[in-house]
Amino acid sequence: MVTGYCVKCGKANKEAGKNKKMKDAEIVQTARGGFMAKGTCPDCGTKMCAMMSKDNAEKATSSGEAKKGY
Ligand SMILES: [Zn+2]
């Protein structure tokens, strides 16, 4: 599962913004060679992103949880 932090949901209550399951998740590679998941919050539709390790990025794309954008 690809999760991230939603700034909007976490605005009033920080805990509420944590570990949101990203909708339409896509894994991209950053300019520095790291991996990042991009998606939208399932509750409010705000764009979310989260840094990922290479292992987790590969797991998420090979299992079909996230699109491969790199
Ligand atoms: Zn949200």
(request) Could you pull out which residues in the stretch 21-61 have an amide N less than 18 Å from a spot 7 Å beyond the Cα of LYS8, following the Cα-Cβ vector? (result) 21-26, 38-50
(request) Taking the dipole about the Cα centre of the stretch 1-69, with the C-beta of Lys and Arg at +1 and of Asp and Glu at -1, give me whichever of CYS9, SER53, SER63 is farthest to the positive side. (result) CYS9
(message) Cut-off 10 angstrom, C-alpha nodes, Gaussian network model of the chain. Which of LYS47, LYS23, LYS14 fluctuates the most?
(response) LYS14
(request) Please give the contour-minus-distance gain from ALA31 to LYS67: 0.36 nm per residue of separation, less the Cα-Cα distance, rounded to one decimal in nm. (result) 11.1 nm
(request) Run the dipole for the chain about the Cα centre, Lys and Arg Cβ at +1, Asp and Glu Cβ at -1, nothing else charged, and hand back the magnitude in debye, nearest 20. (result) 200 debye
(request) In a Gaussian network model over the chain where Cα atoms closer than 10 Å are linked, find which of ASP55, ASP43, ASP24 has the largest mean-square fluctuation. (result) ASP55
(request) Quick one: what are the phi-derived ³J(HN,Hα) couplings along the stretch 31-44, Karplus 6.51/-1.76/1.60 with θ = phi - 60°, whole Hz, x for glycine and proline? (result) 4, 8, x, x, 10, 9, 9, 10, x, 10, 5, x, 9, 10
(request) Quick one: among ALA12, ALA31, ALA50, which has the greatest mean-square fluctuation in a GNM of the chain with alpha-carbon springs under 10 angstrom? (result) ALA31
(message) If I stretch the segment between SER53 and LYS18 completely, what's the gain in nm (0.36 nm per residue apart, minus their alpha carbon distance), one decimal?
(response) 10.8 nm
(request) Measure off, as a whole percent, the carbon and sulfur share of the 1.4 Å-probe accessible area of the chain, all protein chains present. (result) 49 percent
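The values are calculated or read from the model by the stated rules, or taken from the named source; none is laboratory data. Note that the structure is a prediction, hence the values are computed from the model and not measured. All Cβ positions, glycine included, derive from the backbone under ideal geometry; neighbour counts span all protein chains shown. Protein only, heavy atoms only, side chains kept; ligands, DNA and RNA dropped before computing areas. Shrake-Rupley method; radii C 1.70, N 1.55, O 1.52, S 1.80 Å.
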